[in-house]
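The values are calculated or read from the model by the stated rules, or taken from the named source; none is laboratory data. It should be emphasised that the depicted structure is a prediction, and the values quoted were computed from it without experimental measurement. Quick reminder, even Gly has a Cβ in these numbers, built from the backbone with ideal geometry, and neighbours come from all protein chains shown.
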Amino acid sequence: MIQDSFRGVGIRLKVMDVGTMYKRAMGPRGFTLAEILLAITILVLCLFPVMQMLQSSSTKSSFNEYYVFAHIRAVSILDAYAGYAFEELTTLSLSPTPSSNIVEVANSMSPLPEEYKRRLDPDGWEEKCVFSVLGTDGLGKLRVLIRWKFPGPQQPWREYQLERIVMRRNLSLVQQYNL
Amino acid sequence: MTGHSRVRLNSRGGIFLTLLVIVLASLAILGIYNYRLVERVTLDVGASTLGDNASFTAQSAIDESLAYISQRVNQPGDELFSLFRDQATSSEGFGFTIPVPRTREIIENYSFMDYLLHNESVQAEVLFQKSYGKLPYEKFGTLKLSAIVTARAGFGRRVHRRLDSRHEFKTVLIGPPRPFDQLSFYLHDYRGILNPSEGDQSDNNKIQSSIDDLSTRLPGIRQAYVDILESMKKEWPPETAENIPYDQLEQLFTQPPLEALPSTVPFLFPRDMVLYSQAEALDLDQLHLQKRVRLISAGIQQALVNAKVANLALDACLLLSLKKDIKKNLQKCIILIKPMTLSMVELSKKHTERLNVYRGFQDTFQIATGDQKSKIVKYFYKYKSREKSFWEKKAFYVLDEEKQLDLSKAFEELITRYTPTNGVVFVKNPTKTLRVHSIPQFEGKLVVVTSGKVVLQNISVKSPPQDLLTFISYGKMKLGGSIQASLGPMSEMEIAGTDLRIDGNLVLDRVINPEDLKGVLSYDPRIASGTTSPDSDSNAKKSYYYVGFGPRAIAKSFHRVGD
């Protein structure tokens, strides 16, 4: 036998024999139900954060979409109002008699696109632009605040704001001093 | 128990389990990959919006800095006030930094974003400056403002944005062009008002001759009378001889107060001259010198005739007295002395009156001839021949008749809307007339230049220490009422009414209708802006230069720096 084991096929047979012998020694067996359940639980537990990550990515992606959208709207609003003459900005007040140097200016932006509106709470989008005169330096500040809310009672209001300083364009031309 | 609870997995079950594991592992990998992708996109989007916001913040910083610069350049005593008014002898620029506290506040308020403005200030640099023509004190140039804002985008990533904004600036004189600011009046072409006249000189010669004659004759005549009286006294009764009225004779023979003709009075104007004045106040009627002199000259002519007649009568009487009955004719001759002396007194009076007209003129006006004239005329030609484009380049505001339906209304709106109104306004009105009526309280330091006609009436400034107004017209300028402004009609001038009062100065090219020249002029010493030379501006009043920036940037460029 030992000599045979040094001759080709004979060796293979002997090895198989060892395997067979092992199987026989161990008897016919598989995973127990507990093992399988444990394995599946571990897998599910491992998958849970992954799913959460997917969910988070989806939420983030959705949030980013609105965040970017809000940014673009805010930039457009700021650009539009920054184009006005300084003196005209106060005349754009929503209130006919603004009581202070801070006025909420009328928002002439186009309405929210339906595709964005659909995914939000029915009253879940707000835009506000405020112009305030800063002291007597011929400076003013435009502030755009955009808020949005997804459907659901737990959903918080999310907001994006942008501020920009504007100056009287003709400031250098209207200075007064003694000769 | 172990044997019963075990589940046998055949080869198919093993494959299923393997596939399940592979699927779950794939999902996990996909999930992680997706998460990483979304994170990456989030970061990129975040960086992009942060970059936008950084640009916005940089824009805010630029606007804020320009606001401060705009004010500081026109605040006497500020460093920028001097820097922007230094003579631009070369095109070299200069730099400075401007802190921007308001922008810093905005940055601090962005709690969810982390921004940083480099040096918490804006870097300003005058890239170049160039003078208008050859005037080193009037110049234009470009100011570059740079702001760098950094935003932290997370995971050590930073977004840098640099905004470079270029702005045009102009430094202009806000008074009448030099050296005419030192004059209350300048008339380039005096023809029509002062005609060089030989007649005046001829009159002077006659007056001088009469004065000389009288001066010579009166003592001789007086002595002759005294001699005659002394010789006759012996033949008269003592009471008569004692009562000879010597004092009356003395009075009769007293020479009237005749003034010698001063050589300095310009009885005869040179043909090549310009007329100017530095008087604090003058009546434009004084310019009608020859008209006024002509009226007096008529009286002089009459007085000369009277004197001649009286002289001849006295001569005849004396001759007769000596030849015939001297006693009888003496009384008659004495009576004849009186008309002669009276005519001489009248002549003297008229002569003095005429002298005073000349003297008044001479006290008020000066004439420039020769080199002096050449020098001043050189400046005047520069003033007069300045092309429209020169003023248009210098102008802070341009009103064009092709773009404005009503020029006068547009001008009124301009000075109402932008108060105080400073700098230079150029009005392109080749066919229309600019009418500036009834401005009760103008505020600012303004030079208004019109290419065409302008009508000015009743204009006053609000606060003389601060406000200064100058009108220069290359078309006809019509004036009326009270005007607190320096006036430069470079073409024609017309005066409406008789109540013209100018507080400023008047630089005229010519007068078409001298008869209209009436009114009073008070020189406003505030219009004098000092003097400069090509190398020095130490004698210049720099508050007479105004610095203005263009309302919009001439160029803007955003740069991504190092991200």
- Item | Matching residues in region B:510-533 - criterion: being surrounded by 20 or more Cβ atoms within 10 Å (Cβ to Cβ) and part of a strand (DSSP E or B) | B:521, B:523
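Let's see how each residue does on (1) more than 14 Å from chain A (Cβ to nearest Cβ); (2) small (Gly, Ala, Ser):
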| residue | (1), (2) |
| --- | --- |
| B:463 | no, yes |
| B:475 | yes, yes |
| B:485 | yes, yes |
| B:514 | yes, no |
| B:556 | no, no |
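Results for (1) farther than 25 Å from residue B:109 by Cα; (2) modelled with pLDDT of 85 or more, shown as yes or no for each residue.
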{"position": "A:108", "(1), (2)": "yes, no"}
{"position": "A:115", "(1), (2)": "yes, yes"}
{"position": "A:119", "(1), (2)": "yes, yes"}
{"position": "A:124", "(1), (2)": "no, yes"}
{"position": "A:135", "(1), (2)": "no, no"}
{"position": "A:139", "(1), (2)": "no, yes"}
{"position": "A:145", "(1), (2)": "no, yes"}
- Note on the structure: Filtering region B:60-83 for residues that are more than 30 Å from residue A:179 (Cα to Cα) and more than 7 Å from chain A (Cβ to nearest Cβ) leaves a count of 1
- Message: Against the definition (more than 12 Å from chain A (Cβ to nearest Cβ), of a type in the set (D, E, K, R), surrounded by fewer than 19 Cβ atoms within 10 Å (Cβ to Cβ) and in contact (Cβ under 8 Å) with a residue 12 or more places away in the chain), how does residue B:394 come out, yes or no?
- Response: no
- Filtered residues of region A:160-179 (kept if assigned to a strand (DSSP E or B) and either more than 7 Å from chain B (Cβ to nearest Cβ) or among the aromatic types (Phe, Trp, Tyr) (or both)): A:160, A:161
- Looking only at region B:52-59, decide whether some residue is over 31 Å from the mean Cα position of the chain (by Cα), surrounded by 17 or more Cβ atoms within 10 Å (Cβ to Cβ), within 7 Å of chain A (Cβ to nearest Cβ) and at pLDDT 90 or above. yes
- When region A:61-88 is examined, which residues are found to be in contact with a strand residue (DSSP E or B) (Cβ under 9 Å, 6 or more places away or on another chain) and modelled with pLDDT under 80? A:63
- Message: Pairs needed: first member in region B:15-41, within 10 Å of chain A (Cβ to nearest Cβ); second member anywhere, in a helix (DSSP H, G or I) and among the β-branched types (Val, Ile, Thr); C-beta distance under 6 Å; at least 6 residues apart or different chains.
- Response: B:28/A:50; B:31/A:50
- Item | Subset of region B:331-376 (residues that are under 26 Å from the mean Cα position of the chain (by Cα), of a type in the set (Val, Ile, Thr) and in a helix (DSSP H, G or I)) | B:364, B:376
- Query: Is at least one residue of region B:149-157 hydroxyl-bearing (Ser, Thr, Tyr), outside any helix (DSSP H, G or I) and more than 9 Å from every other protein chain (Cβ to nearest Cβ)?
  - Reply: yes
- Message: Just checking, does region A:122-134 include any residue being free of Cβ contacts under 8 Å to residues at least 60 places away in the same chain, part of a loop (DSSP other than H, G, I, E, B) and of a type in the set (A, V, I, L, M)?
- Response: no
- Task: Have a look at B:450, B:498, B:532 and point out the one that is away from chain A (no Cβ under 14 Å) and out of contact with any strand residue (DSSP E or B) (no Cβ under 6 Å at 6 or more places or on another chain).
- Result: B:498
